[in-house]
Amino acid sequence: MPAPVRDIIASPTTSQVQVSLEPAFSAFHSLLMLAQAQKISGLGDWISKTAASMSEEEQHRHQLVIIGYHFAAIPNQSWPSFPAYLDHLESLSPVAIRDKLLDAYSDLPCVEDAGGMTIDRDAALGSVDNYLDFLRQRFTPEHVDDVLESEAYALVIDPPAMKRLIVSHLREMWDMYLEVEWQRIVPMLLDAVAAFEQVDYREMNRIETVEFITGHQVTHEHWTSMIEEAEQIVFVPSVHVGPYMGKFMCGETLGIMFRARLPEGTHYYAPDLSRAEILVLLNALADDTRLSILQVVAEEGEMRSQEIMREL
């Protein structure tokens, strides 16, 4: 089994805030954004063009693997490359991969309005209805696609087939779509890492650091609690996340995906990254919802995000 270059959880002597390339997490998050291409706008040309080039069968298989088997497929530690992670995944037993999925579900707290007796992981494998109830007790309704999860269940109870599907699909997506794109964007990602590593964060608290690096205001209580409770935060730049930010958890470490860019006030020279940032902003401004936001702000003046949401 290939050994990871380093565990994502750094030693206690290192800074509790790091900016890192994290190739395996970054590549997987790009595939996650690809799975959301029909639901989220402003993600960038590679996402939209790749989604448009995929056949219906490929798109469906991608949804099944990235959404239906998300916690089985996502990395759970740092790897030097996405292929190295796939080699590791292929070395695991099918049951270990299936258990990784079920363990992640089992660790989630039940939602407040979950009715009936709580179904554990063993009972969830008993029938497709049990499996769907198991998910509904841990996710809000909009996050459970009954049709997709019913199809996922058919392989959850057949771990060798589930492993073959996950590994073969991720390798195919890397070979056919993502490898060339990764080679194109990695210099820009390294520029973003190097530029943000030059910033002195000692005078910032955690929330201020997150807002500075991501360019987003942290107002949601869920995000605030995660940021404050994490043992360490690792910031990972992405050119595919668009004007959004994403997250992943690795033990007590919170990973935050942010738009690859140069920090405010930097003197770091990275023309390709600057051009990529301009394209992201133009794509975001072309979105109908964001144009509506601009119109509201132009008419009403400066507004808080919650005020804009109420207005729209």
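Within the range 72-93, can one find any residue that is over 22 Å from the mean Cα position of the chain (by Cα), modelled with pLDDT of 95 or more and under 19 Å from PHE28 (Cβ atoms)? Full working, then the answer.
The initial filter retains those residues of the range 72-93 that are over 22 Å from the mean Cα position of the chain (by Cα), namely 91-93.
If we keep only those that are modelled with pLDDT of 95 or more too, we end up with 91-93.
Subset that is under 19 Å from PHE28 (Cβ atoms): 91-92.
Looking for residues that are over 22 Å from the mean Cα position of the chain (by Cα), modelled with pLDDT of 95 or more and under 19 Å from PHE28 (Cβ atoms), one finds at least one in the range 72-93, hence yes.
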Of the residues in the range 115-160 that are open to solvent by 70 Å² or more (accessible area, probe 1.4 Å) and among the aliphatic types (A, V, I, L, M), the one that is nearest to the chain's Cα centre (by Cα) is VAL147
All-but-one check, HIS222 against (1) open to solvent by 60 Å² or more (accessible area, probe 1.4 Å); (2) touching a residue at least 12 places away in the same chain (Cβ under 8 Å); (3) not in a loop (DSSP other than H, G, I, E, B), failing number (2)
Here the residues within the range 210-236 that are in contact with a strand residue (DSSP E or B) (Cβ under 6 Å, 6 or more places away or on another chain) and within 28 Å of GLU181 (Cβ to Cβ) are ILE213, THR214, ILE233, VAL234, PHE235, VAL236
Next on the checklist: So for the range 208-218 (the condition being in a loop (DSSP other than H, G, I, E, B), within 23 Å of GLN36 (Cβ to Cβ) and open to solvent by 60 Å² or more (accessible area, probe 1.4 Å)), does at least one residue qualify?
Outcome noted: yes
Looking across the range 18-41 at residues that are of a type in the set (S, T, N, Q) and part of a loop (DSSP other than H, G, I, E, B), the single one that is surrounded by the fewest Cβ atoms within 10 Å (Cβ to Cβ) is GLN38
Counted residues in the range 180-207 being open to solvent by 40 Å² or more (accessible area, probe 1.4 Å), modelled with pLDDT of 95 or more and either in contact with a strand residue (DSSP E or B) (Cβ under 9 Å, 6 or more places away or on another chain) or within 26 Å of GLN18 (Cβ to Cβ) (or both) come to 1
Residues of the range 49-79 being buried (at least 16 other Cβ atoms within 10 Å of the Cβ) and either closer than 20 Å to VAL239 by Cβ or among the hydroxyl-bearing types (Ser, Thr, Tyr) (or both), in sequence order, are THR50, ALA51, MET54, HIS62, ILE66, TYR69, ILE74, PRO75, SER78, TRP79
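The values are calculated or read from the model by the stated rules, or taken from the named source; none is laboratory data. Only a predicted model underlies this, so the values are computations on that prediction, with no experimental measurement involved. Virtual Cβ from ideal backbone geometry, glycine too; neighbours counted across all protein chains shown. To get the accessible areas, we keep the full protein, side chains included, count just its heavy atoms, and leave off ligands, DNA and RNA. Shrake-Rupley method; radii C 1.70, N 1.55, O 1.52, S 1.80 Å.
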